Amino acid sequence: PSSSFIRSNRKGTSNRSNVSNLSVLGASKVVAAANVSDKKIVRRSANYHPPIWEYDYIQSLKSDYLGESFNEQAIRLVGEVRMMLENVMDPFEKLELIDSLQRLEIFSGFTDEMGNFKSSICEDCKGLLNLYEASHLSMGGEGILDIARDFAAKQLQQYLKQKKLDEYVRMLVEHALELPLHWRVSRLEARWFIDVFEKREEKNPMLLELAKLDFNIVQAVHQDDLRYVSK
């Protein structure tokens, strides 16, 4: 409402004149709309070709892709792509592959009737862990990454309930679900991962030695700087 209308209400005056004015205004708009609708619309003439979608043409349409051989080929390719998706370890490469599947309109071949990832993709714990970490790098509006994050988190929580889960993998999963990797302080994360990596059965001794040496050197430099600035 306008300020004049509010002031007139406060003074206790009648609003009949305001209502009548609104009625006249509304009637004038209706008349104006009627006048516009009565005008003849002149359209540009053109030599339009007759449509090809006649009955005989539609009935003559045939395609070899309805054959059983093409259906079997599609099923085989879905299996190969699913295996490719399971074998991709790099999280960014996996997300790029999922994005390509969605944009190519073949993503539904890897989801069930509820829109969730099929169980065959759920069997790779490390792949799910990489997918979960990478999904936190999504920007606003990237719905597929939000779906991937929720799916991966749910499956990883189910993995933690397994008694036979490798201790190294269990520690990684619990750590990731507690806080995503790129939200952590890198040097503190490196110190934590040194202890975890040391417990891994298939650890690389050279990498472990280099990591410990690098951490101790950087720590020594920081301690020396601290002594210097505290003088």
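The values are calculated or read from the model by the stated rules, or taken from the named source; none is laboratory data. Values in this document were obtained by computation on a predicted structure and should not be read as measured data. With ideal geometry, Cβ positions are generated from the backbone for all residues, glycine too; neighbour counts draw on all protein chains shown.
Please tell me if residue 213 is among the aliphatic types (A, V, I, L, M), over 34 Å from the mean Cα position of the chain (by Cα) and surrounded by 14 or more Cβ atoms within 10 Å (Cβ to Cβ). So residue 213 fails the test.
Scanning the stretch 171-199 for residues that are acidic (Asp, Glu), within 21 Å of residue 212 (Cα to Cα) and loosely packed, with under 11 Cβ neighbours inside 10 Å yields a single hit, 195. The residues on offer are 166, 195, and the sole one that is of a type in the set (Asp, Glu) and at pLDDT 85 or above is 195. The single residue among 80, 86, 72, 68 that is among the charged types (D, E, K, R), at pLDDT 75 or above and either surrounded by 15 or more Cβ atoms within 10 Å (Cβ to Cβ) or in contact with a Cys (Cβ under 7 Å, 6 or more places away or on another chain) (or both) turns out to be 86.
Restricting attention to the stretch 158-170, the residues that are surrounded by 14 or more Cβ atoms within 10 Å (Cβ to Cβ) and under 26 Å from the mean Cα position of the chain (by Cα) total 3. Candidates in the stretch 169-206 are the residues that are in a helix (DSSP H, G or I) and among the basic types (Lys, Arg); of these, the one that is nearest to residue 221 (Cα to Cα) is 187. For the stretch 158-168, enumerate the residues that are in a helix (DSSP H, G or I) and under 23 Å from residue 202 (Cα atoms). Scanning the stretch 158-168 gives 159, 167, 168.
Taking residues in the stretch 211-231 that are closer than 20 Å to residue 188 by Cβ, and partners anywhere that are surrounded by fewer than 10 Cβ atoms within 10 Å (Cβ to Cβ) and at pLDDT 90 or above, not one pair has Cβ atoms closer than 9 Å while being at least 6 places apart or on different chains. Within the stretch 145-167, the set of residues being in contact with a Phe, Trp or Tyr (Cβ under 8 Å, 6 or more places away or on another chain) and under 24 Å from residue 198 (Cα atoms) comprises 156, 165. Among the residues making up the stretch 113-157, those that are modelled with pLDDT of 60 or more, outside any helix (DSSP H, G or I) and exposed (fewer than 13 other Cβ atoms within 10 Å of the Cβ) are 114, 139, 140, 141.
Here residue 83 meets the list (1) within 30 Å of residue 139 (Cβ to Cβ); (2) touching a helix residue (DSSP H, G or I) at 6+ places or on another chain (Cβ under 8 Å) almost entirely, failing just condition (2).
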